[in-house]
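Here the structure is laid out as structure tokens; the discussion comes afterwards.
The values are calculated or read from the model by the stated rules, or taken from the named source; none is laboratory data. Because the structure is predicted, anything quoted here is derived from the model rather than measured. Here the Cβ is made from the backbone with ideal geometry for all residues, glycine too, and neighbour counts use every protein chain on show.
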Number of protein chains: 4
Amino acid sequence: MTERLDAYRDRLRGFLPDLLGVRLLEVSPERVTAELEVRRELCTVPGILHGGAIMAFADTLGAVATVATIPPGAGTTTIESKTNFFAPGREGTVVRGETTPLHKGRRTMTWQTRVTSADGRLLALVTQTQMILPAEGG
Amino acid sequence: MTERLDAYRDRLRGFLPDLLGVRLLEVSPERVTAELEVRRELCTVPGILHGGAIMAFADTLGAVATVATIPPGAGTTTIESKTNFFAPGREGTVVRGETTPLHKGRRTMTWQTRVTSADGRLLALVTQTQMILPAEGG
Amino acid sequence: MTERLDAYRDRLRGFLPDLLGVRLLEVSPERVTAELEVRRELCTVPGILHGGAIMAFADTLGAVATVATIPPGAGTTTIESKTNFFAPGREGTVVRGETTPLHKGRRTMTWQTRVTSADGRLLALVTQTQMILPAEGG
Amino acid sequence: MTERLDAYRDRLRGFLPDLLGVRLLEVSPERVTAELEVRRELCTVPGILHGGAIMAFADTLGAVATVATIPPGAGTTTIESKTNFFAPGREGTVVRGETTPLHKGRRTMTWQTRVTSADGRLLALVTQTQMILPAEGG
């Protein structure tokens, strides 16, 4: 399992999740969790995490969750994403994301990600739909 | 006007839009435009711009548009954002965002951002609602 | 409590929820539940509940939940609503809606409604934001 | 063309759009328009059109637009829908819906519907994604 988590972490290396500092904690077809440290450069004004960072964080987790679910060789792309923001992420803290499935279809999957503060407050809720791209020749 | 554009650019310095490389081109209460170069570190897999970068790009523009509209001293926060993705942004190209108002209310404003490729193809459409936070003592 | 449920039912009389046949089962600030019988005239094609009926059903529940939460005299209006559809509601069955809070703020509240079939399958998920309109002179 | 419009109207007969009173005015793969009279039984409180009626109205138009675009025999289902509400529809008036394409893909299509008052004010904007269901044996 640790080996598998490392494989998912490797996939993110050098891409946006890496630039943001997304740290995957757990990857399974039923649940993906991760952390993000609220550094100044992820903020929108001093002290407040940028909503875009929250959406990018969640989008990453939903894509990882889809990859963890679909057959090897199949691909995925986000076709739509909706976020409601409830409270600010604070600079210097660590926010947590937890992604769980709403729907796992053959053509699409829908995931919901709760982004929470260290003390468990719901900061944002993200619902996203992933299109499944069948493996070539599949 | 150039001075004013510089002031908006300065507000982004050191924060997420700067990390992503958002370049504001035009800021007015009726239209905000910007560019984003699709660098490898903004991608999700080699060659393809991360959906999270698109959402963060648009969220920045909607917030700038709100600030350009509200009275000095008032603040704003994104309360919800919806994105539909239509086509991939390609690494090595420059994508463009254009934000225009759908609604300018006293309590909320809603903006729509078209993200397009250099050849004008619609890559994503983002609709977001900004809450207006009145100036202290206002 | 029964009396209070009757008061909520009375508020819907003669309006869209009545036309659709929404039956409130439970109303509290933490949970609203209701049923809807899938009659032919609520369908989109023979046998399949119209997505619009699902959205109207959920919108009703979110508004009732808000009214159950805010002070007497205050009002509410839906400012945005997002629905993901997962499976069809079948003609001749009864679908159920359950609305719970995601966020209860002073200016806005956000509710999530699960619409399920009689056997518990998730048919649709609706997330909506209600603006709170303060009581006159409040 | 008139004949074709009649065919679309016939498809709605006896179903939810008929119950609501949706009147199709124009159907083409590039544009669908319709009217809805704001009767008391479509309201949420006296005088104000129910948000659910607006969403059902738009959902109908997006589905009709999809059917007008896809090959005969193919089907469609709404997979997600997002609405922003800006101003109330008034009882006794007629609201108008205009649906235009954002994206026409092989697997999905995305439509945007502007719902306006008789004097052209934007009341709501609906963005919805339709899944294309290939014809049997197609």
**OP:** Look at A:E80 and say whether it is surrounded by fewer than 16 Cβ atoms within 10 Å (Cβ to Cβ) and at pLDDT 95 or above.
**Re:** no
Original post:
Is it the case that the stretch B:100-107 has a residue that's at pLDDT 95 or above and under 20 Å from B:L20 (Cα atoms)?
Top reply: no
Subject >> Meets criteria (out of contact with any helix residue (DSSP H, G or I) (no Cβ under 9 Å at 6 or more places or on another chain) and more than 23 Å from C:E37 (Cβ to Cβ)) for D:R13 >> reply: no
**OP:** Residue by residue through the stretch D:35-88, note down the ones that are assigned to a helix (DSSP H, G or I) and of a type in the set (S, T, N, Q).
**Re:** D:T60, D:T66
Original post:
For the stretch C:105-138, how many residues meet the condition of being surrounded by fewer than 23 Cβ atoms within 10 Å (Cβ to Cβ) and either free of Cβ contacts under 8 Å to residues at least 40 places away in the same chain or not in a strand (DSSP E or B) (or both)?
Top reply: 17
Original post:
In the stretch C:89-101, how many are within 13 Å of chain D (Cβ to nearest Cβ) and either in a loop (DSSP other than H, G, I, E, B) or within 25 Å of B:M109 (Cα to Cα) (or both)?
Top reply: 2
**OP:** Scan the stretch D:80-138 for residues that are more than 12 Å from the chain's Cα centre (by Cα), basic (K, R) and under 28 Å from A:T129 (Cα atoms) and jot them down.
**Re:** D:K82, D:K104, D:R106, D:R107
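Within the stretch C:1-33, restricting attention to residues that are assigned to a helix (DSSP H, G or I) and over 25 Å from C:T93 (Cβ atoms), which residue is farthest from the other protein chains (Cβ to nearest Cβ)?
Only one residue tops the list, namely C:T2.
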**OP:** Identify the residue in the stretch D:64-86 that is in contact with a Ser or Thr (Cβ under 6 Å, 6 or more places away or on another chain) and at the interface with chain C (Cβ under 7 Å from one of its Cβ atoms) and, among all such residues, is farthest from B:T83 (Cα to Cα).
**Re:** D:F85
Original post:
So which residues in the stretch C:68-94 are on the phi > 0 side of the Ramachandran plot and without any contact (Cβ under 8 Å) to a residue 60 or more places away in the chain, if there are any at all?
Top reply: C:G92
Subject >> Residue list for the stretch A:36-82, filter: of a type in the set (S, T, Y), over 12 Å from A:W111 (Cα atoms) and in contact with a strand residue (DSSP E or B) (Cβ under 6 Å, 6 or more places away or on another chain) >> reply: A:T76, A:T77
Subject >> Of all residues making up the stretch A:26-44, the number that are without any contact (Cβ under 8 Å) to a residue 12 or more places away in the chain and of a type outside the set (S, T, Y) >> reply: 1
**OP:** Evaluate the stretch B:123-138: report whether one residue or more is more than 7 Å from every other protein chain (Cβ to nearest Cβ), in contact with a strand residue (DSSP E or B) (Cβ under 7 Å, 6 or more places away or on another chain) and at pLDDT below 95.
**Re:** yes
Subject >> Any hit, the stretch D:34-54, residues being more than 10 Å from every other protein chain (Cβ to nearest Cβ), more than 15 Å from D:T116 (Cα to Cα) and under 10 Å from the mean Cα position of the chain (by Cα) >> reply: no
Subject >> Meets criteria (closer than 23 Å to D:P17 by Cα and of a type outside the set (V, I, T)) for C:R96 >> reply: yes
